1. Do you know which residues across segment 221-268 are of a type in the set (Gly, Ala, Ser) and over 17 Å from Gly66 (Cβ atoms)?
2. Exactly one condition in (1) within 16 Å of the ligand (Cβ to nearest atom); (2) buried (at least 16 other Cβ atoms within 10 Å of the Cβ) is false for Ala178; which is it?
3. Using the structure shown, decide if Leu55 is touching a residue at least 60 places away in the same chain (Cβ under 8 Å) and either assigned to a loop (DSSP other than H, G, I, E, B) or crowded, with 23+ Cβ neighbours inside 10 Å (or both).
4. Just a yes or no: is a residue in segment 62-71 in contact with a Pro (Cβ under 9 Å, 6 or more places away or on another chain) and touching a residue at least 60 places away in the same chain (Cβ under 8 Å)?
5. Which residue is farthest from the ligand (Cβ to nearest atom), if the candidates are limited to segment 185-208 and must be within 19 Å of Phe254 (Cα to Cα) and in a strand (DSSP E or B)?
6. Is it the case that some residue within segment 161-183 is in the same structural domain as Gly66 (by TED's automatic domain parsing), within 27 Å of Ile365 (Cα to Cα), at pLDDT below 95 and acidic (Asp, Glu)?
7. Only one of these is buried (at least 24 other Cβ atoms within 10 Å of the Cβ), at pLDDT below 95 and within 13 Å of the ligand (Cβ to nearest atom): Gly406, Gly395. Name it.
8. Is it fair to say Val305 is out of contact with any Ser or Thr (no Cβ under 7 Å at 6 or more places or on another chain) and part of a helix (DSSP H, G or I)?
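The values are calculated or read from the model by the stated rules, or taken from the named source; none is laboratory data. Just so it is clear, the structure is predicted and the values come from calculations on it, not from any experiment. Note that each Cβ is placed from the backbone with ideal geometry, even for glycine, and that neighbours are counted across all protein chains shown.
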Amino acid sequence: MTYDVVVIGGGPSGLMASIAAAEKGAATLLLEKGRKLGTKLAISGGGRCNVTNRLPEDEVIKHIPGNGKFLYSPFSVFNNYDIINFFEGMGVGLKEEDHGRMFPVSNSAKTVVNALISKLDKLGAEVRMNTPVKAVHYDENEHTIMLESGEKIVTKSLVVAVGGKAVPHTGSTGDGYAWATKAGHTVTELYPTEVALTSSETFIQNKSLQGLSLREVSLSVLNTKNKPIITHQMDMIFTHFGISGPAVLRCSQFVVKELMKGRQEVPMLLDVIPDRQEEQLTQTIFKSMKENPKKSIKNILKGLVPERLLDYMLVTHNVDAEQKAATVSKEVVRNVIHELKTFRFTINGSLPLKKAFVTGGGVSIKEVMPKTMRSKYMHGLYFCGEILDIHGYTGGYNITSALVTGRLAGMNAAEESL
Ligand SMILES: Cc1cc2nc3c(=O)[nH]c(=O)nc-3n(C[C@H](O)[C@H](O)[C@H](O)COP(=O)(O)OP(=O)(O)OC[C@H]3O[C@@H](n4cnc5c(N)ncnc54)[C@H](O)[C@@H]3O)c2cc1C
């Protein structure tokens, strides 16, 4: 049988592409190699599915540091607010959480995945699961899809929505890059983004701070001139191998890119008390020491930062935590506060791509038409989702990119074939 549109990959981009194509009246087939659709979507946002983000369009694009600007054009057709309307129109109530993140009211990713599946069903699109695609052959008029089973499927338009290479057990094993290259596309270097970072610092290796989480700290990545490349104020956690948590994930791609330039280590700067100005804070502490000379220095500083971090800082500055405030030198206290404001450590790597949340790099956006997601080199060939060289912070931005590019790819693949 010949289809108007075949979509390969049943993640958010492929599901949306199939819906958009079927809505246009195209005979649509969705091929998914796994036994379920939307496996990665179902584990996003901690299993609650962070389906999009409610921030204004410009802000959304700012939160997609990997070629987010490419999305201005697709957003003029279908944007984050359209995603919200789309789901609400299917009866999936959404609610806003911190930083504009949108989740289903049900708090269950299943609601989102099931809504997409039943929409596809209503539209009469054909879905085949447990159907891995092995290869793709491009022809002058139509394209042929070779399944691993040996079966061949012919289509007028092909949408490649197979995702990137992060967390491969969800099905995203990077199969689509070879098909893009075969059509003449450039695949830019792949790297992990939104990923935990590793460090050989002694305090990491001896696990002094392992498990310690810090709230709303300011974390910066430093360039070779020790100037911040990027700073994020969010939570973070020290782990047995390095650091993780939202602030770290957001900084991670900048660290990884510095390491890719050949730097062996990248320094990071942590301000544990970003909302207090250093000198003012120091003077407040000095005043408290003067007024409470018999209090231990630990009690004076208590409440400023988590106790474990305070203990660590006092030990590294050779201060006995129980020492009376009157007997501790002001200089040492000044140094401890300075270090809490400017704690510097180096990062020597990240966890591998398979453990990253998102893939950096991919099919070059220069070779894809932003208004349609069509290949500039091959008729009837469309790309959408994480296979593209577009990556955002976690917070619904990648799923937004997948749904928006999927929408455009499906619509236009249908129009071209019809
Ligand atoms: C744990 C986790 C949490 C995340 N949280 C967030 C978040 O909070 N916010 C956010 O914006 N993003 C988040 N992401 C990222 C987001 O989920 C992805 O960017 C998004 O799912 C990409 O969608 P996609 O459709 O391009 O690809 P995928 O979701 O990866 O789907 C690709 C599909 O293609 C199928 N496939 C692959 N190869 C073949 C083949 N040869 N034949 C047939 N089918 C094939 C796969 O089985 C898969 O089902 C998270 C990712 C992870 C891993």
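1. Those that are of a type in the set (Gly, Ala, Ser) and over 17 Å from Gly66 (Cβ atoms): Gly242, Ser244, Gly245, Ala247, Gly262.
2. For Ala178, the failing item is (2).
3. For Leu55, the condition - touching a residue at least 60 places away in the same chain (Cβ under 8 Å) and either assigned to a loop (DSSP other than H, G, I, E, B) or crowded, with 23+ Cβ neighbours inside 10 Å (or both) - is not met.
4. Yes, because at least one residue in segment 62-71 is in contact with a Pro (Cβ under 9 Å, 6 or more places away or on another chain) and touching a residue at least 60 places away in the same chain (Cβ under 8 Å).
5. Within segment 185-208, the match that is farthest from the ligand (Cβ to nearest atom) is Thr198.
6. Checked against the condition, which is being in the same structural domain as Gly66 (by TED's automatic domain parsing), within 27 Å of Ile365 (Cα to Cα), at pLDDT below 95 and acidic (Asp, Glu), segment 161-183 yields no hits at all.
7. Gly395
8. No.
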